[in-house]
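A.B. asks: I have a structure I would like to understand better, so I am pasting it below and will then ask my questions one at a time.
The values are calculated or read from the model by the stated rules, or taken from the named source; none is laboratory data. These figures come from a predicted structure and were not determined experimentally. Heads up, the Cβs are rebuilt from the backbone with ideal geometry, glycines too, and the neighbour counts pull from every protein chain shown.
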C-alpha cells in the first residue's frame, strides 16, 4: 500500500564495494513498498576501492539513486552531514554502508513513525562482533549514558529513522563518529520524541572497521570531552533548535527480540 509520505534513504560509504550494491537494491525495494516519492543517496567518502565505479553503474539501474562524491575523506560525521544536508523528503533513514544491519528491517520502523514520534532509534538485539569489540562497546555505552544522560537505549546503533524537520533544526558539527552522540543528544535536548526498536546486527563480511587505532581513539576521546563540555557543562543550546516538550523514549519490542 502506498502511503502519502516521502522518504529519503542514505548510506555513508567508505570502501564498501562489497556491500553497497546490495544495500541500494534492498532500499529500493522497501522504499517502493512505502511510497512513490522517495530517494536513495549514497555518500562516497573518498573510497579507495571500486565503490565509486560500482555506484556509477548502479545509477543506470536505479532512477531514484543520487550520488554524492567526496573527493577527500571527510570522516564518518562528514558523510552523515552530507547525507542529512542532501535529504529532501519528509522522513530520513540512514544506516552504514558495510552491511552489518538489515535494510529490510526498515519495514518495521516505518509504521512506528506516527504522530508525536520524531525518531525511531534502533538498538542491537545482540552485537555480532569479536569479543573485545563487544566488551569495549558495552563499556562505551555505559560511559556515554553516564556522561550525557541519554534516554535512548543504544546511542551507538546507526539504524535510525528521523523526521527531516527535526534533524534540520539542529546544527551538527563533528566529522568523526562522535556525530552519533551529538545527533542524539541535540535531538533529545530539543525535546524530540524517540522510540527505541530492536534490530539485528550481523558480522562484517567485507572490509574492516576504521575505528580501532590509537590515533583515532585518542581523537575520538578528545572530541567526546569537547561535546560533553559544550552540551552538559556549558549547557550550550544547539543552533536553531526548536522548543518542544521534554524528551521521552519509548521502548518498542519486536516479535523477533
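A.B. asks: Of everything in the range 162-171 that's closer than 29 Å to residue 218 by Cα and buried (at least 18 other Cβ atoms within 10 Å of the Cβ), which residue is nearest to the chain's Cα centre (by Cα)? Give the derivation first.
C.D. replies: Restricting attention to the range 162-171, the residues satisfying the condition of being closer than 29 Å to residue 218 by Cα are 167, 170-171.
Checking which are buried (at least 18 other Cβ atoms within 10 Å of the Cβ) leaves us with 167, 170.
On the way: 167: 11, 170: 15 Å.
Top of the filtered list is 167.
A.B. asks: Which of (1) surrounded by fewer than 19 Cβ atoms within 10 Å (Cβ to Cβ); (2) in contact (Cβ under 8 Å) with a residue 24 or more places away in the chain; (3) more than 18 Å from residue 225 (Cα to Cα) does residue 149 not meet, given it meets every other one?
C.D. replies: (3)
A.B. asks: Let me ask another. Please state which of the following conditions residue 156 fails to meet, knowing it meets all the rest: (1) at pLDDT 95 or above; (2) closer than 21 Å to residue 11 by Cα; (3) surrounded by 14 or more Cβ atoms within 10 Å (Cβ to Cβ).
C.D. replies: The number of the failed condition is (1).
A.B. asks: Taking helices (runs of 4 or more DSSP H) that fall entirely within the range 78-190, which contain at least 2 residues that are under 30 Å from residue 33 (Cα atoms)? It would help to see each step written out before you state the result.
C.D. replies: On the way: elements: 106-109, 131-148, 164-167, 179-189.
Where helices (runs of 4 or more DSSP H) fall fully within the range 78-190 and carry at least 2 residues being under 30 Å from residue 33 (Cα atoms), they are 106-109, 164-167, 179-189.
A.B. asks: Take the residues of the range 213-235 that are surrounded by 12 or more Cβ atoms within 10 Å (Cβ to Cβ) and at pLDDT below 90: which is nearest to residue 166 (Cα to Cα)?
C.D. replies: Result: 220.
A.B. asks: Suppose the filter is part of a loop (DSSP other than H, G, I, E, B) and modelled with pLDDT of 95 or more; does residue 17 pass it? Give the derivation first.
C.D. replies: Values: part of a loop (DSSP other than H, G, I, E, B): yes; modelled with pLDDT of 95 or more: yes.
So residue 17 fits the description; yes.
A.B. asks: Still on this structure, please answer the following. For the range 9-30, indicate whether the set of residues that are without any contact (Cβ under 8 Å) to a residue 40 or more places away in the chain and closer than 26 Å to residue 165 by Cβ is non-empty.
C.D. replies: For the range 9-30, residues without any contact (Cβ under 8 Å) to a residue 40 or more places away in the chain and closer than 26 Å to residue 165 by Cβ: present.
A.B. asks: Does the range 37-58 include one or more residues that are modelled with pLDDT under 95, in a loop (DSSP other than H, G, I, E, B) and out of contact with any strand residue (DSSP E or B) (no Cβ under 9 Å at 6 or more places or on another chain)? Spell out the reasoning first.
C.D. replies: Applying the first criterion (modelled with pLDDT under 95) to the range 37-58 yields none.
No, the conditions are met nowhere in the range 37-58.
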